[in-house]
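Have a look at the structure below before the remarks.
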Amino acid sequence: MGEVLSQNEIDSLLNALNTGELDVEEFKSSQTAKQVKEYDFARPSKFAKEHLKTLEIIFEHYSRLVSTTLPAYLRHSCQVDVINSEAISYYEFSNALSNPILFGIVDFSPLKGSIVMELSNNVGYAIIDRLLGGKGDSLDKTRDYSEIELSIIERIMTILIELMIEPWKNVVDLDPLLEKIETNSQFAQVISPNEVIALITLNLKIGKVEGLLNVCIPFICIEAVLDKLNTKFWYSSMRKTNVEIYNDIIEKQIASARIPIKAVFGKTTISVRDFINLQKGDIVKLDQKIDDNLSVLVGDIKKFEAKPGVFEGYNAVKITSVLRKEE
């Protein structure tokens, strides 16, 4: 959309034309002349806005997965949000790093090359403190990491990397692998300084501690799938996805969940005095007969009836009937 002139600017332009200060022919020739657009050869724009927008969509999905997965390991509230995506040279990113750092180098197989993940120190200290039994507080002063602390961070970073598989599934079937973690910025030059990267910045909040998670993806790494990084392809792929696939995934997740189950042989009521005086060999009369079916509870819900018995030397029950909800 062109620039809109104000009324004063229009009046000034008409006055200049009437007084001859502005030549009409010169004005027309200047308007028809081709506009020259500057191009920085040191920073070629290999990533279009469409590519960065699609990467944001991918990492928004990734953020939701991290927000729901990390609390299971940290036993603490966790919130992750995408706050920015931009195309810069790797030199600009690496030049801003200071020691010590948490710099994960990730083999982005089957794509060419590696990506890097940089985790803020305050978040790293909070994760270590939480997993070692603390409240999840960060340190006031930065210091080097011990071998034990790096092992803890490596475990969490491996989880973060594995969570990337699902968000990238519409683009490529990833098999990422954490190669190593660097804590010195001098050894973090794993990508050519002039290489253009897509830098996706996520805000990671664990309890009261807040920091950044930067993901650097070199152009050479995703060049082979760049045609799939557009919203048109993305949304068309999402529409083509079979709903049954999600149903199967949900069923598998539910099937692997562990639930308590117990068989009730009977109930009775006794006084506190009798309870205190119970001795080995005493007989407690229940409200069921020996040939009655036992109630099998899943959680607190009665789902089955069964007969008591022994199986391979262990006490067991044999299911005789399944109780439906309406029963």
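Quick note: the coordinates plus some simple rules give every number you see, no bench work behind them. Quick caveat: nothing in here was measured; it's all calculated off a predicted structure. Cβ atoms come from the backbone with ideal geometry, glycine included; neighbour counts cover every protein chain shown.
In plain terms, if you count all Cα to Cα distances in segment 80-197 and split them into 5 Å steps from zero, the share in each step is 2, 10, 19, 21, 21, 15, 8, 3, 0 percent. Spread over its residues, the convex hull of the C-alpha atoms of segment 147-211 is 147 Å³ per residue. Among 79-92, 190-203, the peptide with the highest mean count of other Cβ atoms within 10 Å heads the list, and the full ranking is 190-203, 79-92.
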